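First the structure, then my questions, so here it is.
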Amino acid sequence: MAVETMTRRASDNAYLHRDFHGALSTGLAYLESRHGPEAVRAYVTHFARTYYAPLTHAIRDKGLGVLRDRLETVYAQEGGRIRISFTEDEMLLEVEECPAVMHMRRAGYAVAPLFFETSRTLYEAILDGTPYASEWLRHEPETGRCAVRFFRRTS
Amino acid sequence: MIPCTEFIPAYSALFDFLESKGGPGAVHDFWNYLSDNFLQNLHDLVVAHGIRGCWMYWNHTLNEEAADFTMELDEEAGLFSLTMHRCPSKGMLLALDHVTAYHDYCSHCDTLYRRVLEPLGYEYTYDMSQIDQARCRLVVRRRPPARTP
């Protein structure tokens, strides 16, 4: 029987491995089971403050439009349907279905109970140190459908 | 939402976070958990298709990850190898200026897959000697049946 060989270059494919959502969800479930729900929020905050530091700086310097552009790009990349209402001081993000949650449902991965913290706590941490804050308005765990309000802090 | 394209830095940050909680043992405990709870697909493919299951598993993941790799499968010899010319995950971490990768990041690939494959009757060898260049190589070999005296 012949030896089968496959060689691929990075440029042969697009980088979009949705199963990573399942790995992240498994990580959050592990973290909650071993260290409690606060550890999940602490981890998401730690990640946001390091990896997304350039985004935080850009929002602080240029305003909410930076976050709007990023959200549009990210959800478009993963095929998520969203609506954004935007003014310079306030933005409403409505996610019809979270593409991460829907992929996990389709693929049979367990969705961690605190998976929504990868949005709620993430946005709070990204906006920490900027003139803006976020408010989690509603959320449906089954589909990840949610609404988030971003607004300029009053004080 | 953390997009799947930014999972790798989140994954690396999770290792950092766990190590800050409980040392390297806490990270290895998580890798064991992840292997047991997330790699059922690799397990099931190898149970159903033998060594070809490795080919099927990595064919799916590495193409979606836009990896730069060569895979070889010799079913008759019970041999599968994966040569990673440029790992997209480690490559991404090395390219980030403002984030430092978890110091033992690449070891998760040793723990996760070994834990699935060895109990199924395969030897798993993982060469990490060039991970500083985002290169590695793994070999899976079917163990010969034990001889009876």
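Please compute the Kirkwood hydrodynamic radius over chain B, one decimal place, Å, based on all pairs of different Cα atoms.
Working: mean 1/r = 0.0611 Å⁻¹.
Value: 16.4 Å, from the Cα pair sum.
Do you know the relative contact order of chain A, to the nearest whole percent, from alpha carbon pairs under 8 angstrom that are 6+ apart?
26
Could I ask something else about it? Any chance you could tell me what percent of the C-alpha pair distances in the protein assembly as shown go past 31 Å?
34
So how do A:MET102, B:MET84 line up by other beta-carbon neighbours within 10 Å, fewest first?
Numbers: A:MET102 21, B:MET84 26.
Lowest count first: A:MET102, B:MET84.
Report the Stokes-Einstein translational diffusion coefficient (µm² s⁻¹, integer) for region A:18-152, Rh taken as the Kirkwood radius over Cα pairs, at 20 °C with viscosity 1.002 mPa s.
141
Where a number appears in this text, it was derived from the coordinates with a stated rule and is not lab data. Worth saying up front: this structure is predicted, and the values here are computed from it rather than measured. No Cβ is skipped: glycine too gets one built from the backbone with ideal geometry, and neighbour counts run over all protein chains shown.
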